[in-house]
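K.L.:
Sharing a structure here in structure tokens format.
The values are calculated or read from the model by the stated rules, or taken from the named source; none is laboratory data. For clarity, every value in this text was computed on a predicted model and none was experimentally measured. Quick reminder, even Gly has a Cβ in these numbers, built from the backbone with ideal geometry, and neighbours come from all protein chains shown. To get the accessible areas, we keep the full protein, side chains included, count just its heavy atoms, and leave off ligands, DNA and RNA. Shrake-Rupley method; radii C 1.70, N 1.55, O 1.52, S 1.80 Å.
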Amino acid sequence: MSCLPNDLIIAIDGPVAAGKTTAARLLAQRLGYCHIESGAMYRALAWKALKHKVDLSNPSTLVSLLAQTELKLRSTSEGFRVVVDGEDVTDVLRSPKTQAAASILSVHPDVRKELVQRQRELGAQGGVVMDGRDIGTVVFPRAAVKFYLTASLDERGGRRYRESPQELGTLERTLEEVESRDRRDMERAASPLKPAPDAIFIDTTHLDPEGVVRQMEEHIHRKFKDRHDFSLA
Ligand code: DC
């Protein structure tokens with residue numbers, strides 16, 4: 001992909017366990033871009049809110065908590081790291097409890113406004129692959145390339161269950177949990193999860209991460225192979 005500019009913004013959105021983050025990380029590595037996992041920012045705030053027993057339904061308390069939070073995201077060769085107030089919390093942010101709390105607090109428009117602002121600052125220079133729920137629709141609506149990843153509910157539930165079987169209990173409960181997160185993420189009034197009109201759909205149900213990234217690269221290659229007049233996001 002020799003003619004690919006080095007400062008594009010690539011947006012990847014989709015529901016829980018569609019394979020966004022793994023694909024985003026791999027794609028960023030291949031392109032020499034930075035990977036930003038926006039869900040980690042919601043989970044970081046959720047982790048701190050749970051730690052301080054802050055009411056997840058109270059947006060103003062959450063916004064002041066966020067204002068007092070130093071949130072650093074690092075895209076390293078070993079993966080994406082999240083540091084909150086000097087503590088590396090990357091691994092604890094993956095717990096089902098923190099993920100569910102992130103989905104709950106992400107319904108508040110004021111919380112989203114603050115986090116979207118931080119995401120825009122992080123991606124402003126381009127050369128990024130950012131994954132989340134509203135990257136192609138709200139955070140960077142003019143992103144050069146947008147993907148929407150999806151997979152069947154059974155497949156996504158299975159993936160989620162295999163990540164944390166102990167904490168999730170049973171596959172049936174995990175499927176219910178994934179369905180309820182889908183509902184909350186897609187039905188909230190503020191920036192609901194939905195594909196951008198110009199997003200490329202990839203169904204990852206029967207694909208491994210390598211297969212997903214291959215499709216993404218093919219699309220990017222087709223789009224940029226003869227172009228010298230692209231516009232940046
Ligand atoms: O990507 P994830 O599953 O770790 O995200 C956790 C929650 O954060 C998700 O259920 C909804 C919210 N989120 C969001 O509303 N917007 C984003 N761009 C990323 C995540």
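K.L.:
On a 0 to 90° scale, report how tilted helix 153-163 is relative to the longest principal axis of the chain, with both axes built from alpha carbons and the result rounded to the nearest 10.
P.N.:
70
K.L.:
OK, next. In the structure shown, do any of LYS20/LYS48; LYS72/LYS223; LYS20/LYS97; LYS72/LYS146 have a Cα-Cα gap over 31 Å, and if so which? Working shown, then result.
P.N.:
Numbers: LYS20/LYS48 24 Å; LYS72/LYS223 33 Å; LYS20/LYS97 20 Å; LYS72/LYS146 25 Å.
In this structure, LYS72/LYS223 exceed 31 Å between Cα atoms.
K.L.:
Same structure, new question: Given N residues in the stretch 132-186, what is Rg(Cα) / (2.2 N^0.38 Å)?
P.N.:
Rg over 2.2 N^0.38 Å, computed on Cα atoms: 1.39.
K.L.:
Compute the long axis of helix 96-105 from its Cα atoms, compare it with the longest principal axis of the Cα atoms of the chain, and write down the angle in degrees, 0 to 90, nearest 10.
P.N.:
80
K.L.:
Using 1/(1 + (r/R0)^6) with R0 = 25 angstrom and r between the beta carbons of ARG94 and ARG142, what's the FRET efficiency to the nearest 0.05?
P.N.:
0.20
K.L.:
Between ALA151 and residues 5 or more places away or on another chain, which pairs have amide H atoms under 5 Å apart, with H built 1.01 Å from N, and which residues are they?
P.N.:
Under 5 Å from the amide H of ALA151 lie the amide H atoms of THR204, each far enough along the sequence or on another chain.
K.L.:
Quick check for you: with a 1.4 Å probe and neighbouring chains kept, what is the accessible area per residue of the stretch 1-120, in Å²?
P.N.:
On a per-residue basis, 43 Å².
K.L.:
Moving on to the next point. Modelled label-to-label distance, SER60 and ASP203, 7 Å Cα→beta-carbon offset: nm?
P.N.:
For SER60 paired with ASP203, the spin-label model returns 4.8 nm.
K.L.:
Right, here's the next one. With unit charges on the beta carbon (Lys/Arg positive, Asp/Glu negative), name the residue among PHE147, THR22, ASN6 whose Cα is farthest towards the positive pole of the charge dipole of the chain.
P.N.:
In the chain, that residue is ASN6.
K.L.:
Quote to one decimal, in nm, the extra length available between LYS53 and GLN125 on full extension: 0.36 nm per residue of separation minus the C-alpha distance between them. Intermediate results must be reported in sequence, preceding the final value.
P.N.:
Working: separation 72, 0.36 × 72 = 25.92 nm, distance 3.60 nm.
Net length gain for the segment: 22.3 nm.
K.L.:
Here is a follow-up. Can you send over the carbon and sulfur percentage of the accessible area for the stretch 21-155, probe radius 1.4 Å, protein chains only? The partial results should precede the final answer.
P.N.:
On the way: 2860 of 5800 Å².
Reported share for carbon and sulfur atoms: 49 percent.
K.L.:
Ratio of alpha-carbon Rg to the 2.2 N^0.38 Å globular estimate for the stretch 53-178, to two decimals, please.
P.N.:
Normalised by 2.2 N^0.38 Å, the Cα Rg of the stretch 53-178 equals 1.17.
K.L.:
Report, as a whole number in µm² per second, the diffusion coefficient that Stokes-Einstein gives for the chain at 20 °C and 1.002 mPa s using the Kirkwood radius over alpha carbon pairs.
P.N.:
119
K.L.:
Suppose we take every Cα in the stretch 58-108 and form the convex hull; what volume per residue is that in Å³?
P.N.:
In the stretch 58-108, the Cα convex hull volume per residue is 88 Å³.
K.L.:
What number do you get for the stretch 1-119 when its Cα radius of gyration is normalised by 2.2 N^0.38 Å, N = residues?
P.N.:
1.11
K.L.:
Next question, about the same structure. Kindly sort SER152, SER164 by accessible area of their heavy atoms, largest first, with the probe set to 1.4 Å.
P.N.:
Ranking SER152, SER164 by accessible area, largest first, yields SER152, SER164.
K.L.:
With the calculation restricted to Cα positions, what are the radius of gyration and Dmax of the stretch 149-233 in angstrom?
P.N.:
16.9, 52
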